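**Q** Mind looking over this structure? Questions follow.
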Amino acid sequence: AGFVDAVALGLPVWTLAVIAVLAGVGSAAILGGFRGLLVPTVTAEEIEPANALDAVFVEFAFVAGPALAGVVIAGAGPGAGFAVNALSFVGALVGLARWRGPTPQAPDPPERGSEAVSAGVRFVRFSPHMTAVLVRTAAFIASGSALWALIPIVARQELPLESTGYGA
């Protein structure tokens with residue numbers, strides 16, 4: 001719907017691309033910051049359930065966010081949708097800036113990049129939990145990418161849509 005809407009509103013397509021890039025950069029900054037907050041805020045015993053709960057909330061946000069955006073856009077227009085999204089980022093940034101975590105301990109001596117990569121590979125190789133996660137991730141990506149690859153074919157052959165219909 002994005003490119004079709006941009007053209008319908010008379011916006012140049014490059015403005016939508018710029019907005020999408022800025023939104024992606026903002027999301028990466030926020031998610032990275034919040035993911036880093038999980039470990040210092042829970043005990044070692046709570047880390048696994050906290051990770052699961054975090055994943056549930058992220059998935060909920062991926063569903064509820066667009067639904068809420070649809071309500072806002074339908075009621076007040078696309079500008080209001082971007083404004084609400086921007087305000088949500090501001091609120092998250094303010095909360096992140098005001099949070100005071102545990103006092104940092106003296107850092108370990110720096111490790112060379114190759115040594116760190118080797119340690120990470122060793123950890124993953126000998127951790128059955130990480131192996132299970134990687135196998136499940138690979139299976140999901142392999143099957144999911146096949147589905148995404150077939151969507152344009154279904155759109156063209158089963159739904160007789162052109163490129164504008166597929167994007168709408």
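**Q** Extension gain I47-E158, at 0.36 nm per residue separation less the Cα-Cα distance, in nm?
**A** Result: 35.3 nm gained on full extension.
**Q** Still on this structure, please answer the following. When the distances between all Cα atoms of the chain are binned every 5 Å from zero, what whole-number percent does each bin get?
**A** 1, 6, 8, 12, 16, 16, 14, 11, 8, 6, 3, 1, 0
**Q** Then there is this: Taking only protein heavy atoms and a 1.4 Å probe, what accessible area per residue, in Å², does the chain have with all protein chains in place?
**A** Per residue, the chain has 78 Å² of solvent-accessible surface.
**Q** Label points 7 Å out from Cα along the Cβ direction at A76 and A106: separation in nm?
**A** Placing both labels 7 Å beyond Cα along the Cβ direction yields 5.3 nm.
**Q** Show me, for the range 107-112, the HN-Hα J-couplings you get by feeding each phi into the Karplus relation (A = 6.51, B = -1.76, C = 1.60, θ = phi - 60°), rounded to Hz, glycine and proline as x.
**A** Coupling constants for the range 107-112: x, 5, x, x, 10, 5 Hz.
**Q** While we're looking at this one, here's another question. Relative contact order (percent) for the chain, with alpha-carbon contacts under 8 angstrom and 6 or more residues of separation?
**A** Relative contact order here is 30 percent.
**Q** For the range 34-125, which GluC sites (Glu not before Pro) pass both filters: DSSP loop (anything but H, G, I, E, B) and at most 12 other C-beta atoms within 10 Å?
**A** Loop-located and lightly packed - E111.
**Q** Let me ask something else. Which value at 222 nm does the chain reach when only helices count, each DSSP H run of 4 or more adding -39,500 (n - 2.57), with the total divided by all residues and rounded to the nearest 500 deg cm²/dmol?
**A** -27500 deg cm²/dmol
**Q** What's the longest piece of the chain with no exposed trypsin sites (Lys or Arg not before Pro), counting a site as exposed if DSSP puts it in a loop and it has at most 16 other beta carbons within 10 Å?
**A** So the longest stretch without any such site is 1-99.
**Q** Shifting gears a bit: Please list, ordered by chain and number, the residues whose modelled amide H lies under 5 Å from the amide H of L161; skip anything fewer than 5 residues away on the same chain.
**A** Excluding prolines and chain starts, which carry no amide H, the hits are R156.
**Q** Which percent of Cα pairs goes in each bin when the distances of the range 25-64 are cut into 5 angstrom slices starting at zero?
**A** All Cα pairs considered, the percentages come to 6, 23, 25, 26, 14, 6, 1.
**Q** Moving on to the next point. Quick one: if you stick a label point 7 Å off each Cα along the C-beta vector at V121 and A86, how many nm between them?
**A** 4.6 nm
**Q** Roughly how many whole Å is it from the C-alpha centroid of the range 68-145 to that of the range 21-65?
**A** 6 Å
**Q** If you don't mind, another one. How big is the charge dipole of the range 72-161 about its Cα centre, in debye rounded to the nearest 20, if each Lys and Arg gets +1 on its Cβ and each Asp and Glu gets -1 on its Cβ?
**A** 100 debye
**Q** Which residue, P66, L159, A86, has the largest displacement toward the positive end of the dipole of the chain when charges sit on each Cβ (Lys, Arg +1; Asp, Glu -1)?
**A** Final value for the positive-end residue is A86.
**Q** At 1.4 Å probe size, with the rest of the protein present, what percent of the exposed accessible area of the range 31-141 is carbon and sulfur atoms?
**A** Exposed carbon and sulfur together represent 71 percent of the surface.
The values are calculated or read from the model by the stated rules, or taken from the named source; none is laboratory data. Not measured: the values here are computed from a predicted model. No Cβ is skipped: glycine too gets one built from the backbone with ideal geometry, and neighbour counts run over all protein chains shown. The protein model used for the area step is the full one, side chains on, heavy atoms only, and it has no ligands, DNA or RNA in it. Shrake-Rupley method; radii C 1.70, N 1.55, O 1.52, S 1.80 Å.
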